[in-house]
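For reference, the structure is listed below as structure tokens.
The values are calculated or read from the model by the stated rules, or taken from the named source; none is laboratory data. Computed from a predicted structure; not experimentally measured. All Cβ positions, glycine included, derive from the backbone under ideal geometry; neighbour counts span all protein chains shown. Each accessible area value is taken on the protein alone, full model and side chains, heavy atoms only, with ligands, DNA and RNA left out. Shrake-Rupley method; radii C 1.70, N 1.55, O 1.52, S 1.80 Å.
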Amino acid sequence: AAQKGLYVGLESMDTNAAITRDNAAQMVWNAMQAYEVEYKTNLVADKDGKLSTQITVQDKVGIDNKTKITLLNDKYDADTREDVILVSVNKNSKGTYTVKTVKDRNPVVTYTEVAKDYTDLLGQKVDVLVKTDDNSKVYGIYPTDDNTVAIKTTIGQLSELKTADKTFEVNGDKTKYDAAIKVYDAKGNASANTVANLMRDNGTYNTASTVYLVSNDGDNNVDRAVVIPAQVAKVTYVGSSSLTLGNSIGSIDLDDIQTYDGIKKNDFVLYTKDADNTADSDVAVKVDTVDSTVSATKGTAGDKGYEIKVDGNWYRVGVTDKNTVASKESVRSGDKVKLAVYDGCFYDVDKNAVASNEDILFVKEAGKISSGINS
């Protein structure tokens, strides 16, 4: 059992104690992955020519006399494709997903009718559990332990690139990267962009764009980035058959976009185009707004470093792919504002949206300038 790997991941298990469900499940899974063995009986002659029986054990192989057979393959007609890179996830017209993987320089392998959305594993090294000779029957996709770095964040959280020591900040923490870092889109296509193009102040991507950072070659340095471009936009119109979004996005038929119940004018949404995302249409997800009082600011409105502090949190102005700030509205400490915020950045400021009794002037009586009023 030890030689066949049944105790992988269970090295610290107390073999004198009752086995737990987790350990039992792990052992069953290890057994599924183990190679079956077969016993061969041979007659062996000694120096005097006397024959004796010798039994040897060896891994069972398939009809090609080379491929070892696992219990999973033999008894359940399934295989595990190990250590492949998940490069593409796309929802199809059937409501399932088409997934693509690649290993080393081998051709891309496509799996169809995958029931689950594995977008969050983009760029990672995974094992694919699939029916033998039928890539439309995927039972599961699982990240391996080789993914020593696997971060999901936004472009707005990447900054402070230092090429000398090959580091940049992710959510305020330093992360090292490989000199040969490659940037991909959600379809698995490599771009000409470099690590410098990922930084929030570069302007290549909107700061609201999602980015997956991965290292799976054992050195803990990011070597792959997958970017899904997105932008925060204001809903300017909602009708029975279409809606209109700002930021020059324009009108979209409701049949061509996935959105949320109750979407209405003046909402803010995170918008991704069909061509850029892993869905089968455009997508609009509601973005939070913060109604509060400004307690502090940093920098100058209109600059990419402008920040506003409300409710104890600092929000930095978002940047578009045209390298311009999302809002040039200036505020002061004490102003009551409504901010459209997404992942640490703000994309709109409304200074007149929040009112209280301090903002009301009550007029009891009015009169003409020429004649005045009675009291």
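Things to note:
- Residue among Lys286, Lys298, Lys304 that alone is out of contact with any Ser or Thr (no Cβ under 7 Å at 6 or more places or on another chain) and touching a residue at least 60 places away in the same chain (Cβ under 8 Å): Lys304
- Scanning region 195-211 turns up at least one residue that is in a strand (DSSP E or B) and surrounded by 14 or more Cβ atoms within 10 Å (Cβ to Cβ).
- Consider region 72-84 and keep the residues that are assigned to a strand (DSSP E or B) and over 18 Å from the mean Cα position of the chain (by Cα). The one that is surrounded by the fewest Cβ atoms within 10 Å (Cβ to Cβ) is Glu82.
Here's the yes/no breakdown for (1) touching a residue at least 24 places away in the same chain (Cβ under 8 Å); (2) more than 26 Å from Val114 (Cα to Cα):
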| site | (1), (2) |
| --- | --- |
| Val214 | yes, no |
| Thr236 | yes, yes |
| Gly262 | no, yes |
| Thr272 | yes, no |
| Ala275 | no, no |
| Asp280 | yes, no |
| Thr293 | yes, yes |
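- Elements of type strands (runs of 3 or more DSSP E) in region 85-147, at least 2 residues being polar (S, T, N, Q): 97-102, 109-114, 134-143
- Unmet criterion (only one of (1) surrounded by fewer than 16 Cβ atoms within 10 Å (Cβ to Cβ); (2) more than 19 Å from the chain's Cα centre (by Cα); (3) within 30 Å of Asp256 (Cα to Cα)) for Gly140: (2)
- Of all residues making up region 277-288, the number that are open to solvent by less than 60 Å² (accessible area, probe 1.4 Å) and either at pLDDT below 95 or outside any loop (DSSP other than H, G, I, E, B) (or both): 7
- Comparison of Thr110, Thr101, Thr96 shows that the only residue that is in contact (Cβ under 8 Å) with a residue 24 or more places away in the chain, open to solvent by less than 60 Å² (accessible area, probe 1.4 Å) and farther than 29 Å from Asp219 by Cβ is Thr110.
- Verdict on Asp343 being touching a Ser or Thr at 6+ places or on another chain (Cβ under 7 Å), at pLDDT below 95, under 20 Å from Val227 (Cβ atoms) and open to solvent by 40 Å² or more (accessible area, probe 1.4 Å): no
- When residues in region 222-259 are screened for being open to solvent by 20 Å² or more (accessible area, probe 1.4 Å), at negative phi and either within 25 Å of the chain's Cα centre (by Cα) or not small (Gly, Ala, Ser) (or both), 16 of them pass.
- Yes/no for Thr41 being under 30 Å from Val211 (Cβ atoms) and among the polar types (S, T, N, Q): no
- Put simply, of Lys47, Lys4, Lys66, Lys40 the only residue that is basic (Lys, Arg), farther than 25 Å from Glu82 by Cβ and not in a strand (DSSP E or B) is Lys47.
- In region 50-63, the residues that are open to solvent by 70 Å² or more (accessible area, probe 1.4 Å) and either out of contact with any Asp or Glu (no Cβ under 8 Å at 6 or more places or on another chain) or in a loop (DSSP other than H, G, I, E, B) (or both): Lys50, Leu51, Thr53, Gln54, Ile55, Ile63
- Counting only residues that are over 24 Å from the mean Cα position of the chain (by Cα) and closer than 12 Å to Arg200 by Cα, region 288-329 holds 4 of them.
- Some residue of region 309-329 being part of a loop (DSSP other than H, G, I, E, B), more than 30 Å from Leu122 (Cβ to Cβ), among the β-branched types (Val, Ile, Thr) and open to solvent by 60 Å² or more (accessible area, probe 1.4 Å): no
- Single condition Gly262 does not satisfy, out of (1) open to solvent by 20 Å² or more (accessible area, probe 1.4 Å); (2) more than 23 Å from Val290 (Cβ to Cβ): (2)
- If the condition is being open to solvent by less than 80 Å² (accessible area, probe 1.4 Å) and closer than 12 Å to Asp219 by Cα, then region 176-188 contributes Tyr177, Asp178.
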